[in-house]
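Reviewing the structure listed below.
The values are calculated or read from the model by the stated rules, or taken from the named source; none is laboratory data. Note that the structure is a prediction, hence the values are computed from the model and not measured. Because the Cβ atoms are built from the backbone with ideal geometry, glycine has one as well, and the counts that use them run over all protein chains shown.
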Amino acid sequence: MHLRSFIALRLPLIALPLAMAAQSPTPPVAKRLPVASVLHGERRVDDYAYFKDRNHPETIPYLEAENRYTDAMMAHTAGLQQQLYDEMLAKIKEDDSQVPERRDGWYYYSRTEKGKPYPIYVRKRGSLGAKEEVYFDQNAEAEGHAFYALGGMEVSPDHQLLAVLVDTTGYEDFILRVRDLRKGTWLPDEIEQLSWGLAWANDNRTLFYMTPDSAKRGDAVWRHVLGTPRSADVKVYQDDDVLFNVNVRRSRNGEWILISSGSFTSSEWHLIPTDRPTERPRLVEGRRPGIEYEVEPGEGGLYLVTNEGAQNFRVMTAPLANPGRAQWKDWLAPRADVFVEGVMPFKHHVVVIERRDGLRRLRITALDGKRDTHEVTFPEAAYGVFPGENPQYEARALRFSYSSLVTPNTVFDYDMDRRTRIEQKRTEVPGYDPTRYEVERLYAIARDGTRIPISLVHRTGFVRDGKAPLLLYAYGSYGSTTEPTFSSQRFALVDRGFTYAIAHVRGGQEMGRPWYDDGKMLKKMNTFTDFIDVADHLVKERYTHPDRLAANGGSAGGLLMGVIANLRPELFKVVVADVPFVDVINTMLDASIPLTAQEWEQWGNPQKVEEYRYLKGYSPYDNVEAKAYPRMLVTSGLNDSRVGYFEPTKWVAKLRATKTDANPLLLKMHMGAGHGGSSGRYERLKEQAFRFAFIVDQINAGPIQ
C-alpha cells in the first residue's frame, strides 16, 4: 500500500463543469419489496432485503446499473485518474526485492518485476552469493485467474516442500496445494474449502490445516498425511462454540503445533509436539469468562501474555510439563501505563512488544542470569515499528521494520547483545524528497474530555488558513491500531495541497486496552463522536474547512463513515466508505452470515433489548433520513465474505430514495473480488486512483446546479 507523489503546482485542481453536472445521467432506482418483522415489540420494514439473494432477478441487474452509472458520472475524471495512477506508479520501484531472511541454511525473499502484478518467491542455499531458485512464481500460477490471492505459504522443515492456501474468487475459500520443490511439480494432494491456518510437523509429510463452519468461522483443525486421501484425514480439534474462532500455527522454536481458540473476551490454547504429530492436543488452560491469554514456547517453558489481573496485560511463564493456571508465574508484572501487545522469545533473549503514550516500543531482556533489560528507541514523534517473523530461534539479532508518515519502510537488524542496529534496506521511493513534508502530532479534546491523538502530514510551509483540503481517515474497531506509517500513495493528494490526517479514535488500542474497551459494545458511540470531535478540532484550528474536508474508512471504518454521514453531514463535503459494514442490526440478527455470532461480543446482540436499542441508535442503514448528505463514494465486492455486498447496496438504495440533496452518490461494485478488492498490485493502484480522483474532483467541485 505504498506509492507516490508529484509537484502539486503542475497539477491544479479542475472544477467540475456546470454543463457536465446538468447532463449527469439518471441514477438507478431500486425496487422496494418490503419485508416486515417484529423485534422487541417494534415493527421493522426492510424495503431492500432481497438484495441479500444474489440470485434474485433484481440483484445483479441493479448492481450492473449502479456500475454503469458510476462509470458515467466519473467519465470526466478519466484523465485525472490516469494522472493519479501514473504519479503513484512513478513512486514505486517496480523491480524490487525484500531483504533475504535466513531460515536454517537457506535465504528466503520475494521480489517483483516491472509489469508483473504479483510477487515472485525465491531462495538461495548456503549464502547470499549462491544461485537464485524460484520456488513459487505467483504470476505464473495466477494465469487464467482474474483473482489470485494467498491465504498461507509454509515451507516444510526440510525445505523440500511448499504448502500454499489459494483463493481464486476473493471469498476466502482456500484450496490447499503442495509443491515438490526438488522437482518443481505439484503433488496430487489438493484439499478444498479450507480456512486460514497451516502448520508442518517435523516429519515433513504431516500437515495441519483448518476448515470453517457454514458461517466461515474457523472451527476445526485437521491432520493430513501427504499421499493419503482426504477421507483419511483426522480431526484433531473442534470448537462448536460460535463465539470462538480457531487457529493453528507452528511455534517459532519449531517444537510445537499451537492450536488457539478465542473469542473477543476469552481464549484457550492446545499444544501438539511437532516430532509426535499424532499425539492428542495438550490443553494449556481452559477458557474462563473475561480471561484472554496467548502462548509462545521459549527456553524452559511457555511465555504467556494475559489480561488476568491486568487490563493492559502482563507476561507470565508456565512449565511445559504442567502449564495450567496454578503454575503461572509473573515474568513481567502489569504496569498501568504500558500495554503489552505480545512476546517473542528467542534462545538467548525475550522481546516484549509493548505500547506507551500511543507508540510501540520493543523491550529486550537477556536470558543470561542477569536478566538485563533495555528498550529499543526510535527518533520520530510518531511512527510504526513491526517485528519481522524472525524464524531463527537461536538468533541474537532482531529484525524489525520502521516507518513514519514521511520515512519510507526501513528494515533493521538489531544486535540484542551489542544494542546496535544495522539498516538492511530502506524502501526506495523514486522522486521522493522527505524535506518537502512535515508531520504533526495533535490532540483533540473529545466531548467527554478525553484527548484523542491525531497524526497528520502536509507540505512544508503549510499555512493554517482554513483553505486547504484535508482527508481524514480512521478505523477504530476490534482493537486494531492505526499506526502513523508511510504510504507513498498519499502524496498524490498531499502534493495537490491536501493534508492527510489519521484520527486515532477509541475502538483501536493506540492508547492501551482501555482505549479499545471504551470503543466497543455499549460504548461504541465514542468511536463515532471521537471522529467528529477530531474533525471539528481540525476545522476550528483552521487546518481545513467543511467545504474542503473529506473522510474515509473501510469495513468497520466504513461503518464509521455511515454514522458520521448521518450525524454530521454538514461537516464533511466528501465521504468515501469502502466495503462498509452499515446494515448493523439485520446482519447481527443473522448468525448464518460470516463473522456475525462471534461479533456479538464486539458490537452487541440485537436479540437483547438493551443492545438492540443501542445498535439501533447508530446503525447507518436504520438511520438514513430525509436530509442533505455529503458527496459519497461507496465501494464493495460481490465476493466479499466479511461484509456482504448487500449491505452497501441496500444502504445506497435507501439513501437514493430518501436523501434530499443532488450531491453525487456512487456505488462501485467489484463483480469479481472480495473484501480487499483486486489481488494484483496494478489493479489495486487503479482502484486507489479512482478513489482519489473522486475526492479531488468533488472537493474542488462547485455547488450542484
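Each row is one residue, and each column tells you yes or no for (1) free of Cβ contacts under 8 Å to residues at least 12 places away in the same chain; (2) surrounded by fewer than 16 Cβ atoms within 10 Å (Cβ to Cβ); (3) on the phi > 0 side of the Ramachandran plot; (4) in contact with a Leu (Cβ under 7 Å, 6 or more places away or on another chain).
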{"site": "Glu87", "(1), (2), (3), (4)": "no, no, no, no"}
{"site": "Thr112", "(1), (2), (3), (4)": "no, no, no, no"}
{"site": "Gly115", "(1), (2), (3), (4)": "no, yes, yes, no"}
{"site": "Pro119", "(1), (2), (3), (4)": "no, no, no, no"}
{"site": "Val134", "(1), (2), (3), (4)": "no, yes, no, no"}
{"site": "Glu154", "(1), (2), (3), (4)": "no, no, no, yes"}
Exercise for the section: Check whether at least one residue in region 417-424 is closer than 23 Å to Ile92 by Cα and in contact (Cβ under 8 Å) with a residue 60 or more places away in the chain, and report yes or no. Expected result: yes
Handout entry: Single condition Phe498 does not satisfy, out of (1) crowded, with 21+ Cβ neighbours inside 10 Å; (2) within 19 Å of the chain's Cα centre (by Cα); (3) over 26 Å from Asp95 (Cα atoms)
Key = (2)
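Just to be sure before I move on: is Gly476 surrounded by 14 or more Cβ atoms within 10 Å (Cβ to Cβ), of a type in the set (Gly, Ala, Ser), on the phi > 0 side of the Ramachandran plot and assigned by TED's automatic domain parsing to the domain that holds Gly562 in the structure I sent? So that I can check it myself, show each step before the final result.
Details: surrounded by 14 or more Cβ atoms within 10 Å (Cβ to Cβ): yes; of a type in the set (Gly, Ala, Ser): yes; on the phi > 0 side of the Ramachandran plot: yes; assigned by TED's automatic domain parsing to the domain that holds Gly562: yes.
So Gly476 passes the test.
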Practice task
Kindly indicate the residue of region 317-349 that is touching a residue at least 40 places away in the same chain (Cβ under 8 Å) and not in a loop (DSSP other than H, G, I, E, B) and also surrounded by the most Cβ atoms within 10 Å (Cβ to Cβ) among those meeting that condition.
Solution key: Phe339
Practice task
Identify, from the list Glu510, Glu541, Glu570, the residue that is within 25 Å of Arg464 (Cβ to Cβ) and crowded, with 24+ Cβ neighbours inside 10 Å.
Solution key: Glu510
Completion exercise
For region 228-246, the count of residues that are outside any loop (DSSP other than H, G, I, E, B) and either crowded, with 17+ Cβ neighbours inside 10 Å or charged (D, E, K, R) (or both) equals 6
Problem - Enumeration of residues in region 104-160 that are aliphatic (A, V, I, L, M) and part of a loop (DSSP other than H, G, I, E, B) - result: Leu128, Ala130, Ala146
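Test of understanding: among Glu294, Glu255, Glu299, Glu279, which residue is under 29 Å from the mean Cα position of the chain (by Cα) and acidic (Asp, Glu)? Give the derivation first.
Working: Glu255 fails: under 29 Å from the mean Cα position of the chain (by Cα); Glu299 fails: under 29 Å from the mean Cα position of the chain (by Cα); Glu279 fails: under 29 Å from the mean Cα position of the chain (by Cα).
None of the others qualify; the one that does is Glu294.
Within region 282-291, track down each residue that is surrounded by 15 or more Cβ atoms within 10 Å (Cβ to Cβ) and either over 30 Å from the mean Cα position of the chain (by Cα) or without any contact (Cβ under 8 Å) to a residue 24 or more places away in the chain (or both).
Initially, region 282-291 is screened for residues surrounded by 15 or more Cβ atoms within 10 Å (Cβ to Cβ), giving 282, 284-285, 287, 291.
Across region 282-291, the qualifying residue is only Arg282.
Is one or more of the residues making up region 544-557 closer than 17 Å to Gly617 by Cα and either assigned by TED's automatic domain parsing to the domain that holds Tyr645 or surrounded by 24 or more Cβ atoms within 10 Å (Cβ to Cβ) (or both)?
Taking every residue of region 544-557 in turn, at least one turns out to be closer than 17 Å to Gly617 by Cα and either assigned by TED's automatic domain parsing to the domain that holds Tyr645 or surrounded by 24 or more Cβ atoms within 10 Å (Cβ to Cβ) (or both).
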Practice task
Determine if region 28-41 includes at least one residue that is within 25 Å of Glu687 (Cβ to Cβ), surrounded by 12 or more Cβ atoms within 10 Å (Cβ to Cβ) and either at pLDDT below 95 or in contact with a helix residue (DSSP H, G or I) (Cβ under 9 Å, 6 or more places away or on another chain) (or both).
Solution key: yes
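Can you pull out the residues in region 247-263 that are buried (at least 18 other Cβ atoms within 10 Å of the Cβ) and either farther than 24 Å from Met588 by Cα or in contact with a Pro (Cβ under 7 Å, 6 or more places away or on another chain) (or both)?
Residues satisfying the conditions are Val248, Arg250, Ser251, Arg252, Trp256, Ile257, Leu258, Ile259, Ser260.
So which strands (runs of 3 or more DSSP E) are wholly in region 406-488 and hold at least 1 residues that are modelled with pLDDT of 95 or more and within 20 Å of the chain's Cα centre (by Cα)?
Details: elements: 410-415, 420-426, 437-445, 451-459, 470-473.
Hits in region 406-488: 451-459, 470-473.
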Fill in the blank from the handout: Scanning region 247-265 for residues that are assigned to a strand (DSSP E or B) and either touching a His at 6+ places or on another chain (Cβ under 6 Å) or touching a residue at least 60 places away in the same chain (Cβ under 8 Å) (or both) gives Arg250, Ile259
Fill in the blank from the handout: Counting only residues that are assigned to a strand (DSSP E or B) and not hydroxyl-bearing (Ser, Thr, Tyr), region 356-381 contains a total of 11
Problem - Enumeration of residues in region 81-103 that are in a loop (DSSP other than H, G, I, E, B) and out of contact with any Ser or Thr (no Cβ under 8 Å at 6 or more places or on another chain) - result: Val99, Pro100
Problem - Members of region 519-556 that are in contact with a Phe, Trp or Tyr (Cβ under 9 Å, 6 or more places away or on another chain), among the hydrophobic types (A, V, I, L, M, F, W, C) and not in a strand (DSSP E or B) - result: Met521, Leu522, Met525, Phe528, Ala535, Ala556
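Looking at Leu559, Leu615, can you tell me which residue is in a helix (DSSP H, G or I) and in contact with a strand residue (DSSP E or B) (Cβ under 9 Å, 6 or more places away or on another chain)? Reasoning before the result, please.
Working: Leu615 fails: in contact with a strand residue (DSSP E or B) (Cβ under 9 Å, 6 or more places away or on another chain).
Answer to the check: Leu559.
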Practice task
Say whether the condition of being touching a residue at least 40 places away in the same chain (Cβ under 8 Å) and out of contact with any helix residue (DSSP H, G or I) (no Cβ under 8 Å at 6 or more places or on another chain) is met by at least one residue in region 644-656.
Solution key: yes
Fill in the blank from the handout: Of the conditions (1) in a loop (DSSP other than H, G, I, E, B); (2) under 24 Å from the mean Cα position of the chain (by Cα), the single one that Ile353 does not satisfy is (1)
Fill in the blank from the handout: Inside region 60-85, the number of residues satisfying the requirement of being of a type outside the set (A, V, I, L, M, F, W, C) and loosely packed, with under 13 Cβ neighbours inside 10 Å is 3
Problem - Lone qualifier among Val439, Val429 - being touching a residue at least 60 places away in the same chain (Cβ under 8 Å) and of a type in the set (A, V, I, L, M, F, W, C) - result: Val429
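Let's see how each residue does on (1) in contact with a helix residue (DSSP H, G or I) (Cβ under 9 Å, 6 or more places away or on another chain); (2) more than 26 Å from Ile699 (Cβ to Cβ):
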residue: Asp465; (1), (2): no, no
residue: Asp518; (1), (2): yes, yes
residue: Val539; (1), (2): yes, no
residue: Thr544; (1), (2): yes, no
Handout entry: Residues of region 431-462 classified as hydroxyl-bearing (Ser, Thr, Tyr), surrounded by fewer than 16 Cβ atoms within 10 Å (Cβ to Cβ) and either touching a Cys at 6+ places or on another chain (Cβ under 7 Å) or closer than 24 Å to Met525 by Cβ (or both), total
Key = 1
